[in-house]
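What follows is a set of notes on a single structure, which appears directly below.
The values are calculated or read from the model by the stated rules, or taken from the named source; none is laboratory data. What you are looking at is a predicted structure, and each value in this text was computed from that prediction instead of being measured. So basically every Cβ, Gly included, is an ideal-geometry build from the backbone, and we count neighbours across all protein chains shown.
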Amino acid sequence: MAAPRILAVGVAVAAVAAGGLVRWLTLSAHEPAPLDGPEALVQMARASREDDPAAQARLAQAWMREAHRTGEARYVERARLAARRALLADPEQVDALKVELLVLHQGHQFQALRDAALELTRQYPHDAFFQGLLGDAWLELGSYDEAAAAYTRMMDLKPSHATYTRVGYLRLMEGDVEGAISVLKLAASSADAMDDDMVARALCELGDAFLAQGSPDIAFDYFSVALSRRPGLDRAHVGRGHVLRARGDDAAAAEEFRAAVAARPLAGYHALLAETLEAQGLAAQAQAEYTRALESAAREDAREQARLLLDLGRDAPRAERLAREEHERRQDVFTQGILAQALLAVGKLNEARVMARNATRLGTRSTRLDYVAGLVDAASGDVPAARRHLTAALQGIPRLPPRQARHARDVLGSLDPKPHTSERLR
């Protein structure tokens, strides 16, 4: 049985992004125990024969874990090279094939991931891992029914922490927050109690869901317990920072975001710290963090780079180009939201209207999506919809950046105070 030619795919390896689907990239059940950092992995590499496919597959998995933990792109590349050495020795080395799929995911090569995962689900119909990665690919490509079907097959094969997490996230995207919380509780209860990292991440998933529900105090408790299990976990610090910002304690929120940056200096974390410093009136410090965020985003993620350019009011045509390029790779609602914002910024209202409608079609609870939809509705003259979306954007968690919050309030204040006929009838 010939393995699919994943090796022929050119992968532009990107840095591991924080949040989103990366949190689900669970390796196989044969994954080695976590090591104590890159030094141990270098020793492992020296001890692994290059012509031993099993040893190279274990090395690939270990490097991928380290990439996930640190956000370092070079570790993804080392994982890819070890997986390819394994597959050169044994083209059907299953664990190496799984790492290859993860590398495609990290490189935002979602169409290639879908095609490879489809082939592997046919070759290994009883392996839940391949169904999960197929669902991930469909989700990033905006095909949510297909993603749900793949996750259902994964659930039938192997109900597990990884499966419940995927289903819970999909329900969050669909706006079913209560359903998501129910499933994510199953994810937390199914996590290995001896694995502090797994337990802490499961608690963060629940914290995110309670934020979406509008229950920040409950969310804060989950993030805090996560930190007690896994001190320094970036996602837990970010979650606590969101709650503190919602409470109006920007100084304490900034310390949480600083801790996240110290753990993983990702563009999104630098941006959150910058926003919080800006909210405190610390303009010079905020500008320095925005600069770091832009520099990191240029290396990590075109979508994040476009978002930052738009938020800072810089080079809207470039932001549009970046958002369009990313939309060629992924058509999920968040990418569509950024593209809608970019299109609006360059005056392409008709296109922006279509893209904003696509971005909000699932009912996802997102301050960013509500903000963009509200701006597009206001520009289109749909006052009731603009008022509804902008109000939700200002009330939701995570809080909008200060500039966007001010703009949302200004637009709300400029709307026709007379309610639309259909609104008066409600």
Fill in the blank from the handout: Given the conditions (1) surrounded by 22 or more Cβ atoms within 10 Å (Cβ to Cβ); (2) touching a Lys or Arg at 6+ places or on another chain (Cβ under 8 Å); (3) closer than 29 Å to S215 by Cβ, every one holds for L309 apart from (3)
Problem - Close pairs from region 168-185: first among the basic types (K, R), partner surrounded by fewer than 20 Cβ atoms within 10 Å (Cβ to Cβ), Cβ under 6 Å, at least 6 apart - result: R171/G179
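Conditions (1) closer than 27 Å to A209 by Cα; (2) in a loop (DSSP other than H, G, I, E, B); (3) under 19 Å from the mean Cα position of the chain (by Cα), marked per residue:
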residue	(1), (2), (3)
H108	yes, yes, yes
D115	no, no, no
L134	yes, no, yes
W138	yes, no, yes
Practice task
Report yes if some residue within region 234-241 is under 19 Å from the mean Cα position of the chain (by Cα), crowded, with 21+ Cβ neighbours inside 10 Å and under 19 Å from L339 (Cα atoms); otherwise report no.
Solution key: no
Practice task
Kindly indicate which of L322, L273 is under 19 Å from the mean Cα position of the chain (by Cα), without any contact (Cβ under 8 Å) to a residue 24 or more places away in the chain and within 25 Å of D136 (Cα to Cα).
Solution key: L322
Practice task
Could you tell me whether A267 is within 24 Å of S296 (Cβ to Cβ) and modelled with pLDDT of 95 or more?
Solution key: no
Practice task
Working only within region 258-268, note down all residues that are over 16 Å from T291 (Cα atoms) and of a type outside the set (D, E, K, R).
Solution key: A259, A260, A262, A263
Completion exercise
Taking region 366-403 and keeping residues surrounded by fewer than 20 Cβ atoms within 10 Å (Cβ to Cβ) and either among the basic types (K, R) or more than 24 Å from the chain's Cα centre (by Cα) (or both) leaves A379, S380, G381, D382, V383, P384, A385, R388, T391, R403
Handout entry: Meets criteria (part of a loop (DSSP other than H, G, I, E, B), surrounded by fewer than 20 Cβ atoms within 10 Å (Cβ to Cβ) and touching a helix residue (DSSP H, G or I) at 6+ places or on another chain (Cβ under 9 Å)) for A252
Key = no
Problem - Flag for V333 being within 26 Å of A378 (Cα to Cα) and over 18 Å from the mean Cα position of the chain (by Cα) - result: no
Handout entry: Every residue from region 140-163 that is touching a Ser or Thr at 6+ places or on another chain (Cβ under 7 Å), outside any loop (DSSP other than H, G, I, E, B) and surrounded by fewer than 24 Cβ atoms within 10 Å (Cβ to Cβ)
Key = M155, H161, A162
Problem - Checklist (1) surrounded by fewer than 23 Cβ atoms within 10 Å (Cβ to Cβ); (2) touching a His at 6+ places or on another chain (Cβ under 7 Å) applied to A187, failing item - result: (1)
Fill in the blank from the handout: The residue from R357, R292, R329 that alone is farther than 24 Å from V238 by Cβ, basic (K, R), surrounded by fewer than 21 Cβ atoms within 10 Å (Cβ to Cβ) and free of Cβ contacts under 8 Å to residues at least 60 places away in the same chain is R357
Exercise for the section: Give just the number: which of (1) surrounded by fewer than 18 Cβ atoms within 10 Å (Cβ to Cβ); (2) in contact with a Phe, Trp or Tyr (Cβ under 6 Å, 6 or more places away or on another chain); (3) at pLDDT below 95 does R166 not satisfy? Expected result: (1)
Fill in the blank from the handout: Counted residues in region 312-325 being at negative phi and surrounded by fewer than 21 Cβ atoms within 10 Å (Cβ to Cβ) come to 8
Completion exercise
Checked against (1) within 28 Å of Y290 (Cβ to Cβ); (2) touching a Ser or Thr at 6+ places or on another chain (Cβ under 9 Å), V376 satisfies every condition except (2)
Exercise for the section: Mind listing whichever residues of region 202-235 are small (G, A, S) and in a helix (DSSP H, G or I)? Expected result: A202, G207, A209, A212, A219, S224, A226, S228
Completion exercise
Of those in region 190-203 that are touching a residue at least 40 places away in the same chain (Cβ under 8 Å) and closer than 17 Å to R166 by Cβ, the residue surrounded by the most Cβ atoms within 10 Å (Cβ to Cβ) is A202
